[in-house]
Amino acid sequence: MFYNATLTYLETCNSLEELYLSSNQLWNNQDKNLAVIQRLKKLVHVDLASNGLKSIPNGTFSDMSLTVLNLRDNAIAHLDDQLFSGSDA
């Protein structure tokens with residue numbers, strides 16, 4: 001498990017399964033932060049609640065076996081159908 005951490009350190013955590021990053025202002029450099037999370041393919045539980053996120057790019061959670069994804073209290077208006085597949089088609 002990894003709680004409320006600086007994402008810079010996460011890039012070396014390839015076996016990480018649970019990630020709790022609620023209330024960390026991930027919107028402040030959102031694209032880079034989500035790209036780091038996208039590389040953590042073993043994640044099954046992700047908590048990104050209360051981060052001011054406005055969108056989640058397609059494919060961010062592709063190739064993961066997520067059982068829990070918490071996006072509560074963000075500014076996301078729409079989640080695309082391709083969020084978990086990685087396809088922009």
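Structure summary
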{"quantity": "Share of carbon and sulfur in the accessible heavy-atom surface of the chain [1.4 Å probe, %]", "calculated": "46"}
{"quantity": "Semi-axis lengths, Å, segment 7-50, gyration tensor of Cα atoms, sqrt of 5 times eigenvalues", "calculated": "16, 12, 8"}
{"quantity": "Rough spin-label spacing in nm, given labels placed 7 Å along Cα→Cβ, for V68 and T12", "calculated": "2.7"}
{"quantity": "Mean accessible surface per residue for the chain, computed with a 1.4 Å probe while every protein chain stays in place, in Å²", "calculated": "59"}
{"quantity": "Linear extension gain, S23 paired with A35, 0.36 nm per residue minus alpha-carbon span", "calculated": "2.5 nm"}
{"quantity": "Per-residue ³J(HN,Hα) for segment 39-54, Karplus 6.51 cos²θ - 1.76 cosθ + 1.60, θ = phi - 60°, Hz, x for Gly and Pro", "calculated": "7, 8, 6, 8, 5, 10, 9, 10, 10, 10, 5, 6, 10, x, 5, 9"}
{"quantity": "Cross-link reach list, lysines versus K54, counting only Cα pairs under 16 Å and skipping chain neighbours closer than eight places", "calculated": "K32"}
{"quantity": "Kirkwood estimate for segment 49-89, i.e. one over the average of 1/r between Cα atoms, Å", "calculated": "10.8"}
{"quantity": "Answer label for Kirkwood radius over Cα pairs in Å (calculated), chosen among (1) 15.4; (2) 15.0; (3) 12.9", "calculated": "(3)"}
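The values are calculated or read from the model by the stated rules, or taken from the named source; none is laboratory data. This one's a predicted model, so the numbers in the text were calculated from it and none came from an experiment. Cβ sites come from the backbone with ideal geometry, for glycine too, and all protein chains shown count toward neighbours. Side chains included, ligands, DNA and RNA excluded: accessible areas come from the protein's heavy atoms. Shrake-Rupley method; radii C 1.70, N 1.55, O 1.52, S 1.80 Å.
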